[in-house]
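The values are calculated or read from the model by the stated rules, or taken from the named source; none is laboratory data. Here the structure is a predicted model, which means the values were calculated and not measured. Cβ atoms come from the backbone with ideal geometry, glycine included; neighbour counts cover every protein chain shown. Surface areas here come from the heavy atoms of the whole protein model, side chains and all, with no ligands, DNA or RNA. Shrake-Rupley method; radii C 1.70, N 1.55, O 1.52, S 1.80 Å.
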Amino acid sequence: MTAKQILKELKLLGSDTTKRTLIRHGAKEPVFGVKVADLKKFQKKIKKDYQLALDLYDSGNFDAMYLAGLIADETQITKKDLKKWVKGACGSWLHCFVVPWVASESDHGWDLALEWIEAKSDTTASAGWSTLSSLCAIKADEDLDLKAFKKLLKRVDKELNKEKRNEVRLAMNQFVIAVGSGIKSLSAAAIKDPFLPDYIRKVESKGRVGKKRKTARC
């Protein structure tokens, strides 16, 4: 299937009700309003396709861009591709979820996350913190720089109240939760952080602290 063919099918699957919901939660036009469950049917059929993912993302259509994230081949995607994706992300669904998912599963996630959190752009900075969160969820603790993550926790503690960009502040909060939930040795340090410790304790009460996922994408 080509990107053009998929776009035609996505248009038929769209609904005004889903479109309104997506836009209310951060999607930007153009958007057809396709349910994620329907996008996952394409994902199941296509599996992973590097070039098709690039073509779909380049379309600028929200539904197609989300699908691009689901089928992107993390073993082939480049830093250049991901930088282009974060720059072109139109709405929080993309820069807080889709791009970070793919970045974290690639070999470039850590480097890009550290670069992006320093950006003046709120979309890029939030993508950086979200990528760090995804890394906590999918990478084994021994594959993470735990000292660096501890320093990042301290940075959030110091900078969060001064952060004026709403989406960046939210992404930083989510990072604290991700560290506390995903990295067992840093869970206590994250809970001591004054931001949203109850979420981490909830994960802890279920015995799921440190449990990893196979994929960041959902």
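Mean sequence separation of contacting Cα pairs (under 8 Å, at least six apart), scaled by the length of the chain, corresponds to a relative contact order of 15 percent. Charging the Cβ of each Asp and Glu at -1 and of each Lys and Arg at +1, and nothing else, the dipole of region 50-95 about its Cα centre rounds to 300 debye. Rounded to the nearest 20, the Cβ-based charge dipole of the chain about its Cα centre (Lys and Arg +1, Asp and Glu -1) stands at 540 debye.
A simple rule links phi to the HN-Hα coupling: the Karplus curve 6.51 cos²θ - 1.76 cosθ + 1.60 with θ = phi - 60°, which for region 95-103 gives 7, 9, 10, 4, 5, x, 4, 5, 4 Hz, with x for Gly and Pro.
3J(HN,Hα) along region 71-86, derived from phi through the Karplus expression 6.51 cos²θ - 1.76 cosθ + 1.60 where θ = phi - 60°, amounts to 9, 4, 8, 5, 7, 10, 5, 9, 4, 4, 4, 5, 5, 5, 5, 5 Hz, with x in place of Gly and Pro.
Computed from backbone phi, the HN-Hα couplings of region 211-218 come to 6, 9, 9, 6, 9, 7, 6, 7 Hz, rounded to whole numbers (Karplus: 6.51 cos²θ - 1.76 cosθ + 1.60, θ = phi - 60°; Gly and Pro given as x).
Only protein atoms count toward the accessible area here, which uses a 1.4 Å probe; on region 1-114, the carbon and sulfur part of that area reaches 54 percent. Region 79-96 and region 144-218 have their alpha-carbon centroids 22 Å apart. Here, the chain has an Rg and a Dmax of 17.4, 51 Å when only alpha carbons are counted. Helix content alone sets the calculated 222 nm mean residue ellipticity of the chain: runs of n ≥ 4 DSSP H residues at -39500 (n - 2.57) each, divided across all residues, give -19000 deg cm²/dmol.
Computed from the C-beta positions of Ala148 and Gln43, the FRET efficiency with R₀ = 35 Å rounds to 0.60.
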